[in-house]
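Read through the structure below, which is laid out as structure tokens, and then see the notes.
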Amino acid sequence: MKFNSELALFLKARYPIIYINTTEEDRIEYVIRKNVKTNLNRSIYSWDFVDGYTNNPNNEGFAKRNPLQALELVERLNAETPALFLLKDFNRFLTDLSISRKLRNISRILKLQPKTIIIIGTDLTIPKELQDLITVVQFELPLEEEINNEIKRLVNSLNITIEPELFENLTRACQGLSLERIRRVLTKIIATYKTLDTNSISVLLNEKKQIISQTEILEYCSVDEKITNLGGLDNLKDWLKKRKTAFSIQASNYGLPTPRGLLLIGIQGTGKSLTAKAIANDWQLPLLKLDVGKLFGGIVGESESRLRQMITVAETISPCILWIDEIDKAFTNTDSKGDSGTSNRVLATFISWLSEKQKPVFVISTANNIDLLPLEILRKGRFDEIFFLDLPKKEEREEIFKIHLQEFRPNSWQSFDYSKLAALSDSFSGAEIRQSIIEGMYHAFYEKREFTSDDICQAIKESIPLANLESSQMLKLQDWASSGQIRLASSKQIYLN
């Protein structure tokens with residue numbers, strides 16, 4: 001583990017104060033004790049505000065409710081005694097002048113003696129006067145090997161066997177959870193289902209939902225849409241099919257990098273949002289939706305902070321899908337003088353993360369207006385591919401009508417005249433096709449009879465598709481797509497009107 005080697009190096013180099021930002025207090029203490037026992041011969045003194053020092057009979061309860069006295073033990077110990085001081089939640093006292101001054105004073109001792117202070121806290125708050133003294137070490141959530149060992153331990157204790165594919169899916173679903181959460185949710189699964197099976201995946205994803213609910217920027221989307229619910233879009237479906245297992249252990253062993261993301265462009269109603277939901281369901285990954293409106297705060301620096309929080313949560317939950325709806329509204333290709341450059345700074349941080357992210361976060365962004373998209377977003381390397389979702393052609397409209405009518409009338413859907421419906425609904429998007437069916441149902445329901453193809457035809461004739469209202473924008477998108485600068489989501493030919 002990278003953390004173990006990094007910590008051992010800092011201890012040998014006599015770094016005076018190390019700060020570890022984590023919520024996994026028990027796990028970090030276990031890892032530190034194991035590391036020290038293996039690599040260094042040091043005594044460990046563990047302190048918290050309520051119980052004082054513990055695990056050492058000579059100082060049991062010392063410095064209880066007294067953080068300043070907790071630091072005095074560092075001075076009292078023999079200068080030649082190698083020691084490690086674990087101070088839990090001590091970050092809360094760093095802003096106190098007496099604590100800050102005391103730390104700076106004893107730092108001289110720490111540099112000369114084999115002693116190190118390790119602060120364990122959940123919030124990374126370090127005063128400026130201590131930043132040169134304190135070294136921050138990242139403690140990652142459990143990696144694949146630790147999760148595998150935990151699942152194996154549980155499986156062996158229950159004396160059950162599970163298929164390798166399910167074992168891999170369980171490991172992937174557990175990624176992003178602390179070891180304590182993993183143990184708790186696996187215990188819950190066993191208590192509910194008496195075994196580990198495919199139902200376990202949904203329980204684990206719901207546990208991740210609890211983490212996401214703690215932030216107001218991201219929304220956990222429960223999805224039941226299927227790829228088969230998408231009418232047409234055969235090129236896009238084929239692209240997604242080849243990447244469905246790209247987050248698996250086999251793909252990693254093969255040396256295949258995980259997919260980075262998709263940018264879907266098209267007018268409203270062509271299935272961009274539906275595609276994002278269908279991918280999450282098909283790939284069995286949690287879907288996080290970014291609320292762009294809440295991303296931009298009124299206080300200077302708040303927007304950048306919220307973006308970093310969003311990135312942290314997404315990477316913690318990974319592997320996952322991050323859905324940014326209407327990204328053209330968030331990052332407009334305009335001069336941002338009115339917001340003191342906030343949009344430009346947020347955009348720079350976002351595209352930098354898109355290019356350099358190492359965690360398996362698959363970003364799906366949707367856009368309606370290419371004129372508002374900055375060129376930095378469109379550049380290769382930000383997304384794996386950019387797809388254009390055109391208005392469905394006649395064959396695709398027939399398929400879309402069949403999909404929706406099978407939902408509304410699973411027993412009589414074959415009785416409708418799909419060829420006629422598709423011919424009448426030229427320039428209709430998938431969403432508008434669905435709405436025309438609903439309008440026809442309302443008309444027939446009002447007359448207390450079953451609806452027919454004629455009712456839907458009447459609804460189509462009374463509707464004005466959005467493409468007719470925004471014809472110039474539609475033509476511009478189609479012209480851009482036909483120029484070969486963007487990949488077509490459907491293999492059907494684009495007809496310029």
The lysines whose Cα lies under 22 Å from the Cα of Lys152, excluding any fewer than 8 residues away in the same chain, are Lys34, Lys188, Lys194, Lys208
Here, segment 394-463 modelled as identical Cα point scatterers in vacuum has Debye log10 I(q)/I(0) at q = 0.21, 0.25, 0.28 Å⁻¹ of -0.79, -1.15, -1.45
Nearest-0.05 FRET efficiency for Ala79 and Asn41 at R0 = 22 Å, using Cβ-Cβ distance, is 0.85
Expressed as a whole-number percentage, the relative contact order of segment 144-214 with C-alpha contacts under 8 angstrom and at least six residues apart is 35 percent
Expressed as a whole-number percentage, the relative contact order of the chain with C-alpha contacts under 8 angstrom and at least six residues apart is 13 percent
Mean Cβ-within-10 Å packing, highest first, puts peptides 264-275, 456-467 in the order 264-275, 456-467
From the Cα centre of segment 454-475 to that of segment 145-190, the distance in Å is 52 Å
From fewest to most C-beta neighbours within 10 Å, the residues Arg184, Arg76 line up as Arg76, Arg184
Restricting to lysines and to Cα separations under 19 Å from Lys237, and discarding same-chain partners fewer than 8 apart, the set is Lys226, Lys272, Lys277, Lys393, Lys394, Lys402, Lys492
At R0 = 51 Å the Cβ-Cβ FRET efficiency linking Arg409 and Tyr30, nearest 0.05, sits at 0.30
The simple spin-label model distance between Ser472 and Lys394, using points 7 Å out along Cα→Cβ, in nm, is 3.1 nm
Among (1) 30.3; (2) 24.3; (3) 38.5, the value of mean projected area of the Cα convex hull in nm² computed for this structure carries the label (1)
Per 5 angstrom bin, beginning at 0 and ending with the bin that holds the maximum distance, the Cα pairs of segment 144-214 fall in percents of 3, 17, 32, 29, 13, 4, 1, 0
From DSSP H assignment alone, runs of 4+ in the chain each adding -39500 (n - 2.57), the sum over residues rounded to the nearest 500 puts [θ] at 222 nm at -14500 deg cm²/dmol
Mean separation of Cα contacts under 8 Å (at least 6 apart) over the residue count of segment 221-388, i.e. the relative contact order in percent, is 33 percent
Listing Phe445, Phe85 by rising number of other beta-carbon atoms within 10 angstrom, fewest first, gives Phe445, Phe85
Note: Ile249 to Lys64 extended length (0.36 nm per residue) minus current alpha-carbon separation gives 61.9 nm
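Taken together, the values in this text are just the output of simple stated rules run on the coordinates, not laboratory data. Model, not experiment: these values are computed from the prediction. A quick note on method: Cβ atoms are made from the backbone with ideal geometry, for glycine too, and the neighbour counts reach across all protein chains shown.
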